[in-house]
Amino acid sequence: MTKRSVAITYYVATLSLAACAPANEPTTGSQTNWLTRCRADSDCGELECLCGACTRSCSDDPSCGELPGASCVASDDAAAIALCAGTRSTSRGLCLLPCPAEGCANGMTCVAGVCMPTLEQTALVSVDESQRFQTLVGFGANIGYVNEEMARHPRKEALFDAMFSGTGLNVLRLRNRYYGQDDDEDLGYSGDIVTAATERQGRNPTIILSSASPPDSLKANGSSWCEGNPDTCTLATLPDGSFDYAGFARYWRASLDAYALAGIEPDYISIQKNPNWAPETGAIVEACRFLPAEGTATVTTDAGEVTVQYPGYSEAMLAVIGQFEGLASIPRIVAPDTSGFVEVADYVAEIDIENVDAIAHHMYGTDTINVDRTALKAVGDLAKQSQRPLFQTEMSADALTTAVLMHAALATEGAVLYLQAGFVGSAFRIEPDRTTLINLTDDDFVIGDPYHVMLHYSAHVEPGWVRVAADSDTDGLLASAWVPPGGDAVTVVLTNPLLEEKVVRIDVGEETTKKSRVTRTVLSGRERSAPLGPLPPEGIITLPGHSLITVTIQR
């Protein structure tokens, strides 16, 4: 294709299954219904209606002998699972037709290597490359509390492969583990992880160093951990009653020096994540509360409501920047790194934006059923007005919620970076963390569903790619599109967060579809990052309920 824009159309509806077959479909004597669409066995004559197609259950190839060219495909084979909309048939196997070199017959589509009934399309998405938005920085996750466990794991090399080889997860957010003494080994574990990422990706990862809390000596409650004590979960004061901003700044300078000795020079730092928040009773978490600027706030404690004098985030940030002199590599600042996006404007109003290199926030507290897109867009507009990129730096969510929030952050807000809260979960948890990308066991690890969701973006969209317009005329189907600087490719990511199956038609021309690939994950079924082959000439693909599809087209 030579045009600068492509029209990508897809049609969405509850699957309409016709009883009659197109004229040019596989025929087997009296078995003229083979591989036609169906609702029930009565639509299929002597055959069965299995996964919406007329075929026959089987245990071996001879079981399919009356169906010329058919093979018995095991129900756990990727092709059978693809036919069954990402789930597994109750049959031991299905009689299916491997795609011939000349292509499937009319009314058929080659998916995952076998011919399947072509479905009808009923909705539209348009991709317009002339409308360009943000340039991507990348995708990744946080590594905070399991560094040693990862570095000492018996399968650490395989673990690092799963994390970094071919995943495109190029951003690491490290928890600042420096507390002033006996930290060399801890920082060394972080160095091992960064080295593993560099070796496997062929380039240095983008590193964000973030503080969960300053050390005990710099906290009003004498501990980096807080629980139900918002009045003391904050910065310590000096004998004269003023906040110890200078001590906080020295802690950050010492941290940067220590990390540099460990071979880690962060690209960005966040001086305090979640500065607007302190944990309630029952949640023991590292935290340290700052107001946008020094002042008072009324909080609820076990003793009731009290008015508390809090330090200012803006004052603390200026103190930290004042310690940068003499550093070999001066990090950029991400701020305010609040727990949600609604609070961002209050903090940005108090800080000198000239000292900030990226506006950052998390997405906790978001109504994921009805995302407040107006408020989210307002944060994106604030970033544009400030002429700063927007980072989503932490979110802990299950796979489907992650899919919805990634689309909202990237396509509605215009974020250039998206990070999951947990990259690797500890083997010492009672139950695996379903929000973490990978969970450790004593002697192995398990890939989580959010990992596959993130790879639908990260493995197919690279840093430097630009998001372009992808407008849908159908509520509920989420679409975004991305192109590289040279314009020689386009990647489209589709998410169906609803239960109803959706049918998608992508119209990009025959020549282009020959240089394409389709990847699908069905969270409600068994498919995970399944390669379905090239985009069929008809451009028709299926999104079962709770699924994602990524289509990458090379020109």
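The values are calculated or read from the model by the stated rules, or taken from the named source; none is laboratory data. Since this is a predicted model, take the numbers as computed values, not measurements. Cβ placement follows ideal geometry from the backbone for every residue including glycine, while neighbour counts extend to all protein chains displayed.
Structural remarks
- Note on region 458-486: residues that are crowded, with 20+ Cβ neighbours inside 10 Å and among the β-branched types (Val, Ile, Thr) amount to 3.
- So Cys84, is it modelled with pLDDT of 95 or more, touching a helix residue (DSSP H, G or I) at 6+ places or on another chain (Cβ under 6 Å) and not acidic (Asp, Glu): no
- Test: residue in region 251-262 that is assigned by TED's automatic domain parsing to the domain that holds Gly365 and over 27 Å from Asn355 (Cβ atoms): no
- Residues being assigned to a helix (DSSP H, G or I) and over 21 Å from the mean Cα position of the chain (by Cα) - total across region 350-374: 4
- Of the residues making up region 231-245, those that are part of a strand (DSSP E or B) and without any contact (Cβ under 8 Å) to a residue 60 or more places away in the chain number 1.
- Just one residue in the set Ser339, Ser329 is in contact with a strand residue (DSSP E or B) (Cβ under 9 Å, 6 or more places away or on another chain), among the hydroxyl-bearing types (Ser, Thr, Tyr) and either surrounded by fewer than 22 Cβ atoms within 10 Å (Cβ to Cβ) or modelled with pLDDT under 95 (or both); that residue is Ser339.
- Pick from region 307-324, criterion without any contact (Cβ under 8 Å) to a residue 60 or more places away in the chain and more than 34 Å from the chain's Cα centre (by Cα), ranking: nearest to Gly247 (Cα to Cα): Gln309
- Qualifying positions in region 216-230 - assigned to a loop (DSSP other than H, G, I, E, B), crowded, with 20+ Cβ neighbours inside 10 Å and within 36 Å of the chain's Cα centre (by Cα): Ser224, Asn229, Pro230
- Hits in region 79-104 - residues which are surrounded by fewer than 19 Cβ atoms within 10 Å (Cβ to Cβ), in contact with a Ser or Thr (Cβ under 9 Å, 6 or more places away or on another chain) and part of a loop (DSSP other than H, G, I, E, B): Thr87, Arg88, Thr90, Arg92
- Within region 118-209, helices (runs of 4 or more DSSP H) holding 1 or more residues that are among the hydroxyl-bearing types (Ser, Thr, Tyr) and closer than 29 Å to Arg253 by Cα: 184-201
- Within region 375-404, being in a helix (DSSP H, G or I) and within 24 Å of Gly525 (Cβ to Cβ) holds for Ala399, Leu400, Thr401, Thr402, Ala403, Val404.
- Within region 55-78, the set of residues being outside any loop (DSSP other than H, G, I, E, B) and more than 10 Å from Leu94 (Cα to Cα) comprises Pro62, Ala78.
- Residue among Leu455, Leu440 that is under 10 Å from the mean Cα position of the chain (by Cα), surrounded by fewer than 24 Cβ atoms within 10 Å (Cβ to Cβ) and in the same structural domain as Ser386 (by TED's automatic domain parsing): Leu455
- Only residues that are acidic (Asp, Glu), over 38 Å from the mean Cα position of the chain (by Cα) and closer than 25 Å to Glu501 by Cβ were counted in region 37-95, giving 3.
- Qualifying residue in region 294-306 (condition: crowded, with 21+ Cβ neighbours inside 10 Å and touching a residue at least 12 places away in the same chain (Cβ under 8 Å)): no
- Residue count, region 350-397 (criterion: without any contact (Cβ under 8 Å) to a residue 24 or more places away in the chain and closer than 24 Å to Pro311 by Cα): 1
- Scan of region 539-553 for residues that are at pLDDT below 90 and either farther than 21 Å from Ala79 by Cβ or surrounded by 23 or more Cβ atoms within 10 Å (Cβ to Cβ) (or both), ordered by number: Ile541
- Condition met for Glu280 (part of a loop (DSSP other than H, G, I, E, B), over 24 Å from Lys377 (Cβ atoms) and modelled with pLDDT under 95): yes
- So Ser211, is it more than 22 Å from the chain's Cα centre (by Cα) and not basic (Lys, Arg): yes
- Close pairs (9 angstrom Cβ cut-off, 6 or more residues apart or separate chains): at positive phi in region 458-471, in a strand (DSSP E or B) anywhere: Gly464/Thr135
- Qualifying residue in region 58-66 (condition: touching an Asp or Glu at 6+ places or on another chain (Cβ under 9 Å) and at pLDDT 95 or above): no
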